[in-house]
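Have a look at the structure below before the remarks.
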Number of protein chains: 4
Amino acid sequence: MSIAVINGGTRLNGNTDILTNCVIEGIHTDSVYLRDYNINPIIDKRHSEEGFQDRNDDYNSIIERILIHEILIFSTPIYWYSMSGEMKNFIDRWSQSLRDFPDFKARMASKKAYVIAVGGDDPYIKGLPMIQQFKHIFDFIGIDFEGFIIGKGNKPGDILQDPYALFTASHLNKKLKDIPQRD
Amino acid sequence: MSIAVINGGTRLNGNTDILTNCVIEGIHTDSVYLRDYNINPIIDKRHSEEGFQDRNDDYNSIIERILIHEILIFSTPIYWYSMSGEMKNFIDRWSQSLRDFPDFKARMASKKAYVIAVGGDDPYIKGLPMIQQFKHIFDFIGIDFEGFIIGKGNKPGDILQDPYALFTASHLNKKLKDIPQRD
Amino acid sequence: MSIAVINGGTRLNGNTDILTNCVIEGIHTDSVYLRDYNINPIIDKRHSEEGFQDRNDDYNSIIERILIHEILIFSTPIYWYSMSGEMKNFIDRWSQSLRDFPDFKARMASKKAYVIAVGGDDPYIKGLPMIQQFKHIFDFIGIDFEGFIIGKGNKPGDILQDPYALFTASHLNKKLKDIPQRD
Amino acid sequence: MSIAVINGGTRLNGNTDILTNCVIEGIHTDSVYLRDYNINPIIDKRHSEEGFQDRNDDYNSIIERILIHEILIFSTPIYWYSMSGEMKNFIDRWSQSLRDFPDFKARMASKKAYVIAVGGDDPYIKGLPMIQQFKHIFDFIGIDFEGFIIGKGNKPGDILQDPYALFTASHLNKKLKDIPQRD
């Protein structure tokens, strides 16, 4: 069992990073920080004859990188009550993969996913629509939505004051460690 | 009363465009197609000493353009159960405006907003979390959320088969026409 | 094709009744006004040996009455952002039917359902969780959720000022009339 | 600081009871089990001249009992993705108190509330609309929504296998114990 982390945060060592590190501490993962790459917005060509055009960016290499893993952790700050625009652009591009790679859906459908999200404004309530959206996304593509952790934090380090998030992260860490790892 | 349309669709004459055009038919608006501009993702510097850095893109010019209008129409296809990544990046950047422009919140707070969204997979149900997110966004910034139209469409032109969306669009068109326009 | 209306309102000629009457005008339906019956809350005995006990009320006769119809319209005022307690008690009792009547789920699963709901406090937004719950309910039992109408109204007759609700009701009325009726 | 528990479960020692007992262990509370009382559905008379009629049940005595406490814990099984019908009937009746008792809203508005809910079918996701409804309810009446615990359980005792719910309950227990208690 191998794990990829797709990290949508834009701040080095932000609260989302800290909480994610609690989850993966001591576990080998392939962590993709979207902020280090260029991912263009989708240009919807689902219904055009010429089809999607190559966007000349890092999307394809990232998607190939995560497709080899069995567990995906989507880790994002809650910006304006939803995932970061950078992560949204990444997910929007799945429509292109669905059309261009015939086995994309089948390969995604064999995976399990977790969501880790940290927000500052009442995230336990106002972050719920985002969780529902991840549920719809995973249902569509066939991924099992295994669980999520919402944390509360605004200023750097705030997340360390959120006992629920830390407990849940620590518990998930133990659970992931119990799964036999693949190199 | 003057109207800006912020259009997050990526397809020329897509279903979202068509429905939006029903709403603004015969009305002078300033329509911003985000796809024609370069808007970088936010780099969160809310808590850093140096503050946000100039992103050298079109965000500032667009935000100045919409700030002079009283009514904002957010028009977006529903990609993966939420607004397009391009529109999300635009809204994410508001955090930068909130810090860098002292009167940004006050100026936004005097506005009224509508949302127009078209999706293909059960949008009347699965689009609801996105509507709740717009509600949270507008509540935070102080904008009055005056209404929304969800339409159903997948292939180009599908929206013309959605009688509810067309009726609501036509009704909103009449309502907007009844407001004395400013040039 | 025959239609049952399950009406959870407590006020004669309330806004929910008015809107529902727009939907079924000129159509033969079997309308059940829950307020005219005694439906006790469920006493959860799913996991007890003795099983559910007869609650000596009108639930069984109502459920038998609606099971013979192909289309179910759930019509409820939005009280405190959800269906009325009377309607909730009715639905809670389905757990008893699921255990006691082996073909209950199969018979329900062949049906189509609509929801009609009227609320006073921002129902188009704050009524959305209730719609999501109906979706979950119908998904569980296997009913197709064909559509919903949310109306805005507080004082008696207010609903007549809601053009969207009236249009959608009128449109649904036409759609239902086009289905060949069974006596 | 004193605490009332409003318990909407129908099963003695059900999972919701067990989780609630973890929260209030060692704390003096006034626990109201709605199943032990008769609470009739509301008959909406907000807009009638004669006003609400006495329903000759236990509602008034229960509402007086909880009004003297500063913290309210709403504890309910998740039946069909929402609070039990019994709890819903109790909350629906608040509309009557709002009209008949001029200080009802002001007295409620000084309180803090928690929600404890246990469900069997993906409660962490499918229970979210209910949490949003409690948020709307508390916002309307002015109660501070201090937090919620969702647990997973179906068969009796299942909740003891939910580490997240148990941790959160234990943490809330400590927090409540730290508040100076009133007799």
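Only residues that are outside any helix (DSSP H, G or I) and either of a type in the set (A, V, I, L, M) or under 15 Å from residue B:115 (Cα atoms) (or both): list them for region B:159-183, please. Correct list: B:179 only. The residues of region B:58-96 that are among the charged types (D, E, K, R) and surrounded by fewer than 24 Cβ atoms within 10 Å (Cβ to Cβ), listed by number, are B:58, B:64, B:65, B:70. Of the listed requirements (1) under 24 Å from residue C:130 (Cα atoms); (2) within 11 Å of another protein chain (Cβ to nearest Cβ); (3) not in a helix (DSSP H, G or I), residue C:6 misses just one: (2). Close contacts from region C:4-29, counting a first residue that is closer than 18 Å to residue D:41 by Cα and a second that is open to solvent by 40 Å² or more (accessible area, probe 1.4 Å) and in a strand (DSSP E or B), with Cβ to Cβ under 7 Å and a gap of 6+ residues or different chains, come to C:7/C:33. What about residue A:151, is it touching a Phe, Trp or Tyr at 6+ places or on another chain (Cβ under 7 Å) and among the small types (Gly, Ala, Ser)? So residue A:151 fails the test.
Quick check: is even one residue across region A:104-111 under 21 Å from residue A:18 (Cβ atoms), touching a helix residue (DSSP H, G or I) at 6+ places or on another chain (Cβ under 9 Å), open to solvent by less than 10 Å² (accessible area, probe 1.4 Å) and not charged (D, E, K, R)? Taking every residue of region A:104-111 in turn, none turns out to be under 21 Å from residue A:18 (Cβ atoms), touching a helix residue (DSSP H, G or I) at 6+ places or on another chain (Cβ under 9 Å), open to solvent by less than 10 Å² (accessible area, probe 1.4 Å) and not charged (D, E, K, R).
Here is a check on your reading of the model: is residue D:99 more than 14 Å from chain C (Cβ to nearest Cβ) and at negative phi? Spelling it out, it is not the case that residue D:99 is more than 14 Å from chain C (Cβ to nearest Cβ) and at negative phi. In a residue-by-residue description of region A:146-153, the property of being within 11 Å of another protein chain (Cβ to nearest Cβ), touching a strand residue (DSSP E or B) at 6+ places or on another chain (Cβ under 7 Å), surrounded by fewer than 19 Cβ atoms within 10 Å (Cβ to Cβ) and among the small types (Gly, Ala, Ser) applies to at least one position.
Please work out which residue is farthest from the other protein chains (Cβ to nearest Cβ), limiting yourself to region C:56-71 and to residues that are charged (D, E, K, R) and in contact (Cβ under 8 Å) with a residue 40 or more places away in the chain. That would be C:70. Just so you know, in region B:32-44 the residues that are part of a loop (DSSP other than H, G, I, E, B) and open to solvent by less than 60 Å² (accessible area, probe 1.4 Å) include one that is farthest from residue B:169 (Cα to Cα), and it is B:44. Residues in region C:14-26 that are modelled with pLDDT of 95 or more and either surrounded by fewer than 15 Cβ atoms within 10 Å (Cβ to Cβ) or closer than 21 Å to residue C:88 by Cβ (or both): C:15, C:16, C:17, C:19, C:20, C:25, C:26. Among the candidates A:127, A:157, the residue that is open to solvent by 10 Å² or more (accessible area, probe 1.4 Å), within 14 Å of chain B (Cβ to nearest Cβ), touching a residue at least 24 places away in the same chain (Cβ under 8 Å) and more than 29 Å from residue A:52 (Cβ to Cβ) is uniquely A:157. Identify, from the list D:90, D:74, the residue that is within 18 Å of the chain's Cα centre (by Cα), more than 11 Å from chain C (Cβ to nearest Cβ) and aromatic (Phe, Trp, Tyr). Among D:90, D:74, only D:74 is within 18 Å of the chain's Cα centre (by Cα), more than 11 Å from chain C (Cβ to nearest Cβ) and aromatic (Phe, Trp, Tyr).
Of the set (1) in a loop (DSSP other than H, G, I, E, B); (2) open to solvent by less than 30 Å² (accessible area, probe 1.4 Å), all apply to residue A:49 but (2). If I filter region B:41-64 for residues that are farther than 26 Å from residue A:7 by Cβ and of a type in the set (Val, Ile, Thr), do I get at least one hit? Taking every residue of region B:41-64 in turn, at least one turns out to be farther than 26 Å from residue A:7 by Cβ and of a type in the set (Val, Ile, Thr). For region C:130-142, what are the residues that are open to solvent by less than 10 Å² (accessible area, probe 1.4 Å) and either in contact with a helix residue (DSSP H, G or I) (Cβ under 6 Å, 6 or more places away or on another chain) or modelled with pLDDT under 95 (or both)? Selection gives C:133, C:141. When restricted to residues that are under 13 Å from residue B:12 (Cα atoms) and among the small types (Gly, Ala, Ser), region A:39-57 contains 1.
Mind checking which residues of region D:130-145 are over 18 Å from residue A:126 (Cβ atoms) and either assigned to a strand (DSSP E or B) or more than 13 Å from chain C (Cβ to nearest Cβ) (or both)? If the condition is that a residue be over 18 Å from residue A:126 (Cβ atoms) and either assigned to a strand (DSSP E or B) or more than 13 Å from chain C (Cβ to nearest Cβ) (or both), then D:142 is the only one that fits. Return a yes/no flag: does region D:104-123 have any residue that is at pLDDT 95 or above, within 16 Å of the chain's Cα centre (by Cα) and facing another protein chain (nearest Cβ under 10 Å). Taking every residue of region D:104-123 in turn, none turns out to be at pLDDT 95 or above, within 16 Å of the chain's Cα centre (by Cα) and facing another protein chain (nearest Cβ under 10 Å).
The values are calculated or read from the model by the stated rules, or taken from the named source; none is laboratory data. Note that the structure is predicted; figures quoted are calculated from it, not measured. Methodologically, a virtual Cβ is constructed for each residue, glycine included, from the backbone with ideal geometry; neighbour enumeration extends over all protein chains shown. Areas reflect the complete protein model, heavy atoms only, side chains present, ligands, DNA and RNA absent. Shrake-Rupley method; radii C 1.70, N 1.55, O 1.52, S 1.80 Å.
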